[in-house]
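Heads up, the thing below is written out as structure tokens.
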Amino acid sequence: MGANANVPVEMHLLQGCCREAERADLVAVGLDQLRTALPESFHGHLVGLTEEIRGSSKLLRDLADRSQLHMARIPIVLNYLNVVLPCLCRSLRDITAHYEDKNLSREIRWRKMYHKMTEEAGGLPLPQRFVLYNHFLSLLKLLLTRSPSFDLNTLDSLKTRILTLREQRGIPPPPVQVGPLVRQDVMALTVAQDPNAHWAEQIFSLPLPSRTALKHLRPSESFGPFYPWGHLNIAPDSKILFRRPFENDRISIVVFLSSVDQSPYFLLRTIQGGNPWFSLMGAHELCIEREGSALQLKRWSRSGNCSKLWAALYFLTWEEMVLFYCTFVALKARNMLTVQVHPNEFKLQREKRLFQAQIIDDGFKHSLIVYEDLQTRGIRLHAAVWEGELRQCPVWTAFVTHQSQSSTWLSRRSRHRVWLKDVQLYVFCKTYRQENMRQNKSGAFEIYFVSEEGATRFREVFAIASASAESSDTK
């Protein structure tokens, strides 16, 4: 892909990622429409192909987003992007030409597309072609982010396969080397595992024990101010904590710790006119509140001397909304740049408090609260700091699932101790160690109540909830 003279090759190729992601989304929609017109016997291969193409779109946007935080390492991936993007682009264009051929029936369009594109790739089935692209793009992300899982031998092997595919399709080889060659001995020095893993890196990598759908969803929105790629002042070697996509990746948020002040920042990306635009705010510059199925992030406008909406993020599940909310509040409250957290930010709106008591938790005094969500009726446990500057700051949360209906889920072990089986904690604190509360033969999570009454009332809450659930099931 040749670059314009006035556009840096880095920006040209990374904008190419966003452009091909957009094309992939359109192709996926076209294939979905084709599938609805075909007999069910064709659906398996079509669904597989469509899912891989959507995977390509997500990986391409992910690369573009993360590149903002790894500017110094972009040259290392450029040569590989220059290999894969033209080939991926040709494949998407060929698919489009096949399914838009109105001279043929829809069934013949699909048959011709599948067999011709498989044949021209030396027998590689069409869906597997995108599996190849996606494996390659996944490795590029690992290379960009210095992941210890990166494997240079596999990347080079896949590169050879893609170059062969280019040749089979009549695409000339990349005309120039646009980035430095990567040597295995260099990679060995750059992918060392970070021993100081941050708690926020774990939150969204843990599986959800339940998925409670939210209603009244609307498109997520971002309101800026926006800047083009490469125009934000992000310190090199900043640490990415997590990335969350919204609206099929039309909007994404990357949360990272700045290498300069060790404070958390939120990098928001949207797509306008096919190009990525970015907005950057520190956690200390934002406030959070719930509005229905959305979390609203607001910033202070100096020019308007008022609060303005920065982003409205709609979540598919209640669990994901809770985790994002708790993560944001904990990052903000523990941030050295934060002047003050408004008390309302410690409370997720539209939740009913069913129970609260003081517990001793891994040697700390915590509040244990049982919340019920008014919209979904979901129930969760929430531990927060009991006293001091961080009072009310989230420490951990756990979702109460159908397993609580079991008679063995909760057991009273003494006047002050209660055990819970099958409960998964999401921890929002560096110093908290939940394993210290699981030192028993069954691995149950132990809650130590300061008062005997607290243990009794806690058990009663779930006895009532269980009875209520049973009565509703029999109606």
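Just to verify a result, which residue in the stretch 66-78, among those that are of a type outside the set (A, V, I, L, M) and open to solvent by 10 Å² or more (accessible area, probe 1.4 Å), is farthest from the chain's Cα centre (by Cα)? Outline the logic, then answer.
Pass one, the stretch 66-78, residues of a type outside the set (A, V, I, L, M): 66-68, 70, 73, 75.
Restricting the remaining residues to those that are open to solvent by 10 Å² or more (accessible area, probe 1.4 Å) gives 66, 70, 73, 75.
Working: Arg66: 12, His70: 18, Arg73: 22, Pro75: 25 Å.
Selected residue: Pro75.
Conditions (1) over 24 Å from Ser301 (Cβ atoms); (2) without any contact (Cβ under 8 Å) to a residue 12 or more places away in the chain, marked per residue:
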site: Ala197; (1), (2): yes, yes
site: Thr212; (1), (2): yes, no
site: His216; (1), (2): yes, no
site: Leu232; (1), (2): no, no
site: Pro236; (1), (2): yes, no
site: Asn248; (1), (2): yes, no
Return the residues of the stretch 256-275 that are touching a residue at least 60 places away in the same chain (Cβ under 8 Å) and touching a Pro at 6+ places or on another chain (Cβ under 8 Å); say none if nothing qualifies. Phe256, Arg269, Asn275
Would you confirm, using the coordinates I've provided, whether Leu63 is part of a helix (DSSP H, G or I), more than 28 Å from Leu241 (Cα to Cα) and open to solvent by less than 10 Å² (accessible area, probe 1.4 Å)? no
Looking only at the stretch 136-156, decide whether some residue is open to solvent by 50 Å² or more (accessible area, probe 1.4 Å), among the hydroxyl-bearing types (Ser, Thr, Tyr), modelled with pLDDT under 90 and part of a helix (DSSP H, G or I). no
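Report, by residue number, each residue of the stretch 302-318 that is surrounded by 11 or more Cβ atoms within 10 Å (Cβ to Cβ) and assigned to a strand (DSSP E or B). Please lay out each step first, then the result.
From the stretch 302-318, those surrounded by 11 or more Cβ atoms within 10 Å (Cβ to Cβ) are 307-318; that's our starting set.
Passing the criteria: Ser307, Lys308, Leu309, Trp310, Ala311, Ala312, Leu313, Tyr314, Thr317.
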Give the stretch 401-417 a look and list any residue that's open to solvent by less than 30 Å² (accessible area, probe 1.4 Å) and touching a residue at least 60 places away in the same chain (Cβ under 8 Å), or say none. Thr401, Ser404
Collect the residues in the stretch 372-394 that are touching a helix residue (DSSP H, G or I) at 6+ places or on another chain (Cβ under 9 Å), free of Cβ contacts under 8 Å to residues at least 60 places away in the same chain and not charged (D, E, K, R), keeping them in residue-number order. His382, Ala384, Val385, Leu390, Gln392
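The values are calculated or read from the model by the stated rules, or taken from the named source; none is laboratory data. Worth saying up front: this structure is predicted, and the values here are computed from it rather than measured. Cβ coordinates were reconstructed from backbone atoms using ideal geometry, including for glycine residues, and neighbour counts include every protein chain displayed. The protein model used for the area step is the full one, side chains on, heavy atoms only, and it has no ligands, DNA or RNA in it. Shrake-Rupley method; radii C 1.70, N 1.55, O 1.52, S 1.80 Å.
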